[in-house]
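Some notes on the structure that comes next.
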Amino acid sequence: MKTDAPRYALYYAPHPDSPWGRFGSDWTGRCAFHGATCTQRAPAGFDAGTFARLTAGPRRYGFHATLKPPFRLALGRSLDSLTRALREACRQEEGFEVPPLQVRELDGFLALVAEPMHEGSARIERLAARMVEVFDPWREPLSDEDRARRHPGRLDARERELLERWGYPWVLDRFRFHFSLTGPLRGEQPSDIDRLREAAATRLPRDPLRFDAVCVFEESAPGAPLRAIRRCALS
């Protein structure tokens with residue numbers, strides 16, 4: 001097993017030139033499609049360095065919502081075959097409107113989350129489950145290093161089961177559609193977290209967000225910024 005091999009992920013990411021794509025690039029300070037850094041506008045009360053530190057995680061991964069988390073290609077599988085299969089799968093899915101998004105604190109970080117009772121949320125969950133299951137043959141089996149990184153001792157029994165079967169503990173019935181806006185906020189003042197939340201909510205585009213494609217993101221080497229290398233349109 002080559003731990004320095006590229007990893008690939010299936011993400012939803014808005015088109016980079018759309019209002020939501022520009023919001024993501026401006027907030028994180030980087031466009032995952034173009035691989036270019038952007039000028040960040042820090043919220044009131046934050047200097048540029050502090051805001052860059054708090055958004056370092058989303059900047060590396062790019063503005064996205066995870067469908068199938070990063071994986072190395074299984075023996076005998078290729079990026080081309082993954083892309084062909086994804087394009088075919090996307091042709092079988094119709095685009096739809098993403099439920100309204102709100103800024104929430106999720107497990108110690110800020111994220112955009114969708115209204116759970118909206119019809120679009122059920123469609124997202126079904127599509128995410130399909131991505132996890134259909135493309136599992138492309139995923140290299142979980143390594144001891146990958147398993148340890150998920151801290152299985154902190155997971156409940158169902159999450160450990162999902163980790164072993166699908167390589168990730170937060171899929172299927174534990175899936176949560178979200179866009180990360182910050183990394184962990186441990187040690188940050190509640191007033192600062194509130195300012196971040198308010199700043200993000202104020203900047204959200206008013207345009208509806210359409211779920212119109214699934215993207216292949218690539219991590220070329222461990223710790224490298226992820227780039228969107230394919231965008232496969234839904235029908």
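The values are calculated or read from the model by the stated rules, or taken from the named source; none is laboratory data. Note that the structure is a prediction, hence the values are computed from the model and not measured. Please note: Cβ atoms are built from the backbone with ideal geometry, for glycine as well, and neighbour counts cover all protein chains shown. Accessible surface areas use protein heavy atoms only, side chains included; no ligands, DNA or RNA. Shrake-Rupley method; radii C 1.70, N 1.55, O 1.52, S 1.80 Å.
Quick notes on this one:
- Dipole magnitude for segment 90-222: computed about the Cα centre from +1 point charges on Lys and Arg Cβ and -1 point charges on Asp and Glu Cβ, it is near 160 debye.
- 11 Å cut-off, amide nitrogen to a point 7 angstrom out along Phe96 Cα→Cβ, residues in segment 200-235: 211
- With respect to the chain, whose longest principal axis is taken over its alpha-carbon atoms, helix 19-28 is tilted by about 80°.
- Between helix 119-134 and the chain: long-axis angle, C-alpha atoms, 0 to 90°, nearest 10: 40
- Gyration tensor (alpha-carbon) shape descriptor, segment 106-235, a/c threshold 1.5: oblate
- Glu145/Arg206 FRET efficiency (R0 30 Å; Cβ-Cβ; nearest 0.05): 0.10
- Label-point separation in nm, Arg104 to Ala233, each point 7 Å along Cα→Cβ: 3.2
- Taking amide hydrogens as placed 1.01 Å from N in the peptide plane, the amide H of Leu234 sits under 5 Å from those of Ala213, Val214, each at least 5 positions away in sequence or on another chain.
- Theoretical gain in end-to-end length, Met117 to Asp4 [0.36 nm per residue, Cα-Cα removed]: 36.6 nm
- With all protein chains in place and ligands, DNA and RNA left out, the 1.4 Å accessible area ranks Ser220, Ser25 as Ser220, Ser25, largest first.
- By the Cβ distance rule of under 4.7 Å, the chain has these cysteines without a partner: Cys31, Cys38, Cys215.
- Candidate values [x] 25; [y] 40; [z] 33, label of the one derived for percent of Cα pairs over 27 Å apart: [z]
- Sorted peptide list for 42-49, 7-14, criterion being average Cβ within 10 angstrom, highest first: 7-14, 42-49
- Near the amide H of Arg30, within less than 5 Å, lie the amide hydrogens of Cys38, all on another chain or at least 5 residues away, with H placed in the peptide plane.
- Apportionment of accessible area to carbon and sulfur, the chain, percent (1.4 Å): 49
- Between the helical axis of 157-166 and the longest alpha-carbon principal axis of the chain there is an angle of about 60 degrees.
- In the chain, the calculated helix contribution to ellipticity at 222 nm averages -10500 deg cm²/dmol per residue, counting -39,500 (n - 2.57) for every DSSP H run with n ≥ 4.
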